[in-house]
1. Give the accessible area for Lys85 in Å² (nearest 10); use a 1.4 Å probe, count only protein heavy atoms, and leave out ligands, DNA and RNA.
2. Would you mind getting the accessible area per residue of the chain, heavy atoms of the protein chains only, 1.4 Å probe, in Å²?
3. Identify the GluC sites (Glu not before Pro) of the stretch 14-95 meeting these criteria: DSSP loop state and at most 14 other C-beta atoms within 10 Å of the C-beta.
4. Placing +1 on the Cβ of each Lys and Arg and -1 on the Cβ of each Asp and Glu in the stretch 1-102, which of Ala18, Met57, Asn2 has its Cα farthest towards the positive end of the resulting dipole?
5. Heads up, I need the accessible area for Met57: 1.4 angstrom probe, whole protein in place, Å², nearest 10.
6. Could you give the length gained by full extension between Leu23 and Lys85, i.e. 0.36 nm per residue of separation minus their alpha carbon distance, to one decimal place?
7. Only one of the values (i) 139; (ii) 114; (iii) 104 was calculated from this structure for volume of the Cα convex hull per residue in Å³; name its label.
8. Label Asn33 and Lys45 with points 7 Å out from Cα along Cα→Cβ: what is the distance between them in nm?
Amino acid sequence: MNDVIKEFDELCDMAMAAFSEELEISYEMSLLNILKFIKKNPDYKEDFIDRFKLILMSRSSPFEVVAFCMRELQWPEIKEFVISKMNPSEDPRTEALRSTLTAYDEFWPDADLYSYYGVK
C-alpha cells in the first residue's frame, strides 16, 4: 500500500474517532480534511474510488465521508456504483447509499448538517 492511500485510510480512521467524539477535532473538520487531501492528490482518484466503494459496502465505516466528498467532487463512478448496489431487499445499507446519492442533487438535504456546505 502506498503512502497516499495509507494516509487516506488514517484520515478516515480519524473521522470515525471524531464521529464517536473520541477526538477534539469536529466530525465535519475531519471530513473536510479528507476532502482537501483528495483534492491535493488527484493522481490517486482511482484508488480513492476503490476506497469509497469499500466504505460504502462496509457495515462499520461512516458512509457520510463519501456523501460529504461527493457533494463537491461529483464523481460519476461513485454515483454509478451506488445506483448499482441499491437493492432494498438485499442490502441493509440501502438508506446509506440513498443518502450518498442525494449528494449529487442540486439540493442536498444533508447540506445543513455541515457549515462547509452552508449558505455562501
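The values are calculated or read from the model by the stated rules, or taken from the named source; none is laboratory data. In this text the structure is predicted, and so the values were computed from the model without any measurement. Cβ coordinates were reconstructed from backbone atoms using ideal geometry, including for glycine residues, and neighbour counts include every protein chain displayed. What goes into the accessible areas is simple: the full protein's heavy atoms, side chains included, and nothing from ligands, DNA or RNA. Shrake-Rupley method; radii C 1.70, N 1.55, O 1.52, S 1.80 Å.
1. Looks like 80 Å² after rounding.
2. Value for the chain: 59 Å² per residue.
3. Hits after loop and neighbour filter: Glu21, Glu22, Glu24, Glu90.
4. About the Cα centre, the residue reaching furthest to the positive side is Met57.
5. Met57 exposes around 80 Å² with every protein chain in place.
6. Answer, rounded to one decimal: 19.1 nm.
7. Correct label is (ii).
8. Taking the two extended label points, one gets 2.6 nm.
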